[in-house]
Each structure stands twice: as structure tokens, then as C-alpha cells.
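Working notes for the structure below.
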Amino acid sequence: MYQPFSPSTESLPAQLPPSGSIQWTSPSNIALIKYWGKKGVQLPMNASLSVTLRESVSHVTLDFQQTEKGLGGADFYFEGQEHPVFNKLVMSYLEHIRPWFPFLNRLWLKIDSRNSFPHSAGIASSASFMSALALCICQLENYPLKEYGSDFLRKASFMARLGSGSAARSVYGKMAAWGKHPAIHDSSDQYAIPFPEKIPAIFQNLQDTIVVVDAGTKKVSSSQGHQLMKNHPYAQTRLKQANQNFHKILEAAENSNWKTFASIIENEALSLHAMMLSSIPGFSLLKQQTLEIIEKVKNFRDKHNAMITFTLDAGPNVHLLYPHQERKMVLPFIHDQIKPLAENERIIADQMGNGPQPGNKK
Ligand code: PMV
């Protein structure tokens, strides 16, 4: 299989001190064109396009200590506590990426991750966490990383992808594309790239109010959902639709056509959940409140000709997207009609962000 990044050597990075600490803060992202279904090793069946968030972030601290050869390993803590489920995922991820970083055999790592939002609730905590961890490990390889450029980010995106597909896109600010698509020059299934087009003013500072309908753990994970695409009766039609929607959304962006932009985003969100419902066996991650919110958004939009749209991740929470200039009209609606439908009235005011930052600040 083609792998764009060759393994580094067994020896420790030349300037790595005996011990130290690295931090990255990395955001979640919300897909406008959804990735659903994989092939090979964590490669997408279709290309996806996302908006990088600003407030929904993971802070990862990676402490390292040199050990004798072969005595490398890691401890993982989630918000300062042991977490057996996440621990298993992190250990298998480290095992998976070891061929690219053989020097991990000579390091003991202590990894601590903290989120600014509830995990496993359809807000892509795996995207923010895996991208932050991949950035930390790529920084180990390039220690001390004084500045970083596109090669560093591309490798981090490749590494993040091996942990969680959508994490590949979190490495970049504003908007990112992952998966080979004829309309995006240099796009790749192996890693994401920053959205190469100029982002029109209307989509700059796109606002995302996340309505937390249910912060609990999902009963069907994304991995299981992707798996069910393999024998899905509508898989081929869905892949065709995603590719066409990618073309259409680029055109809408180019023409600053909000109406078309919104209709594609909604078509993608509903198609994602339609694929879940029609999987064999079928499942639904939607809640009654999810559908009520969608209905209210449509009614409000029709009545007031407002620029607001919605999307869904693999979960019941609703992302309300609107341009910055529309806040005055939209925020009172969200406060009065949508917030009461959220679990414990919890909404997260997020927006398009500038991508990961070294250190543990937001
Ligand atoms: O990154 P994963 O493997 O958890 O898959 C996420 C897939 C969706 O969030 C539903 C869509 C996407 O493109 O982010």
C-alpha cells in the first residue's frame, strides 16, 4: 500500500532532551460534506469538507521520558483520571503508528487529555483529541519545533487520520478537505489539506451554535456505522451523491449563494442519518428533540427569510450554522425556541476557528 511518509529511524530525535513536556490544543470540526464509510486502512470512501471550530477543543499534554531501548510505553489520563475505554484506544493507536515513530520504543509517555465539551456526544471529540495527540507526536519527532509549516501539518494530518478519519481535517484552520476529489487540486485520501479556495466573506466567521440534545455515549459508534457502509444497499448512490454535493457546495461558495449552500448542508446531514437508518441492521442516533429542532429552524427560516441552516454529526446534537451578520436575528430565536429543547438547556456557542495551537491555551 502507498504510504506517503516513510518511517523515521530507531534513534531518538537528535535534540530531544532526557525528559520534557509538549502541549497542543486542537479543535473539533463539523463536516459539511460528510465522510461515511471507509476502505483500506482508515481511508474514506468519499471526499469530505469541514469547518474547523474554535471553542470545542481538546488540550493534550504529552510528558516524555527517555528509557532503555524496548522499554517504551505510555500512560493515558482523561481529565486527570484513568479511563479504561479511552486507554485501550490510545494504546492501540500508539501501536498502529509505531512503524512511523520507532523511537517510541525508547520513550515513556504520559498523555493527558481535557475537552472543553462533552465527549462521545456527536461533537467530534475523537477529531480534536486525535489531532492534538498526532501533533504532539509529530512535534516529538521534530523537537524542538520552533515553527511549523505545511509539511509538518500534512504529516500530522496523516497521523491523525490513522486514529480517527475526521481528525485529519482538524489540523487546519477555517475549512479543510479530506479525500481525493477532482475539484480539489492536491486532495488526498491519505491526509487532509486546507481548503484551497478563497473562503467567501459570507462563510468567513461562520457561527455554529451546537445544541446538545444528549451528551451521553452513543449506542452505535462511528466505527460501527462506517463498517455498515460496506454492505449497504445504497452505498454506491450515497458516494455519488456526496461527490456531486461536493461540486455543488464549491459552486455555491464561489457564488456566495447561501440558499444553495444551506440546502446542500442539510441534504448531507439528513442523508448521513438516512444511511444509518437504512443500514443492515439499521439504527438511529436521532432523538425526538433533534427532529423538533430541525422543524423549528425550517419554520423560522421560512417566516423570516433568515440565513440559518443545520447539520448533524453522528449523533443527536444539532449544529445551527449562520453567518456572523445574522446573529441579531438568529440568537433570540435560538434562546427562546431552541435552548429549551436542549438537554439541561445546554448550547455551545462556537464558530469557525483558526486551527490548532501549540500549548494549552484556547
Ligand atoms: O472520524 P470518524 O471515524 O469518527 O467518523 C466521523 C464521521 C462523521 O462525523 C459522521 C462525518 C464527518 O465527516 O466528520
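The values are calculated or read from the model by the stated rules, or taken from the named source; none is laboratory data. Quantities reported herein were computed from a predicted structural model and do not represent experimental measurements. Neighbour counts are summed over all protein chains in view; Cβ atoms, including those assigned to glycine, are modelled from backbone coordinates with ideal geometry.
If I ask for residues that are more than 20 Å from the chain's Cα centre (by Cα), farther than 18 Å from A134 by Cα and either outside the structural domain of S164 (by TED's automatic domain parsing) or of a type in the set (S, T, N, Q) (or both), which ones from the range 66-117 would you list?
Residues satisfying the conditions are Q66, T67, Q81.
From the list K248, K259, K303, K287, which residue is in contact with an Asp or Glu (Cβ under 9 Å, 6 or more places away or on another chain), of a type in the set (K, R), over 20 Å from A349 (Cβ atoms) and assigned by TED's automatic domain parsing to the domain that holds N205?
Numbers: K248 fails: in contact with an Asp or Glu (Cβ under 9 Å, 6 or more places away or on another chain); K259 fails: in contact with an Asp or Glu (Cβ under 9 Å, 6 or more places away or on another chain); K303 fails: in contact with an Asp or Glu (Cβ under 9 Å, 6 or more places away or on another chain).
Criteria check complete, one pass: K287.
What number of residues within the range 283-313 are within 24 Å of the chain's Cα centre (by Cα) and without any contact (Cβ under 8 Å) to a residue 12 or more places away in the chain?
Number satisfying all stated conditions: 2.
Here is a list of conditions, (1) of a type outside the set (A, V, I, L, M, F, W, C); (2) within 16 Å of the ligand (Cβ to nearest atom); (3) in contact (Cβ under 8 Å) with a residue 24 or more places away in the chain, and Q224 meets all of them except one; can you say which number that is?
Checking Q224 against (1) of a type outside the set (A, V, I, L, M, F, W, C); (2) within 16 Å of the ligand (Cβ to nearest atom); (3) in contact (Cβ under 8 Å) with a residue 24 or more places away in the chain, the one that fails is (3).
Quick test of your reading of the structure: N344 fulfils all but one of (1) part of a helix (DSSP H, G or I); (2) closer than 18 Å to L206 by Cα; (3) at pLDDT below 95. Name the failing condition by number.
The one condition N344 does not meet is (2).
Taking interchain pairs and intrachain pairs at least six residues apart, which have beta carbon atoms under 6 angstrom, with the first residue in the range 13-42 and surrounded by 24 or more Cβ atoms within 10 Å (Cβ to Cβ) and the second β-branched (V, I, T)?
Going by the 6 Å Cβ cut-off, the qualifying pairs are W24/V60; P27/T52; P27/V57; S28/I123; N29/T52; I30/V51; L32/I265.
If a residue must be more than 16 Å from the ligand (Cβ to nearest atom) and touching a Ser or Thr at 6+ places or on another chain (Cβ under 6 Å), how many such residues does the range 22-54 contain? Before the answer, list the steps.
First, pick out the residues of the range 22-54 that are more than 16 Å from the ligand (Cβ to nearest atom): 22-25, 54.
Now restrict to residues that are touching a Ser or Thr at 6+ places or on another chain (Cβ under 6 Å): 23.
Selection size over the range 22-54: 1.
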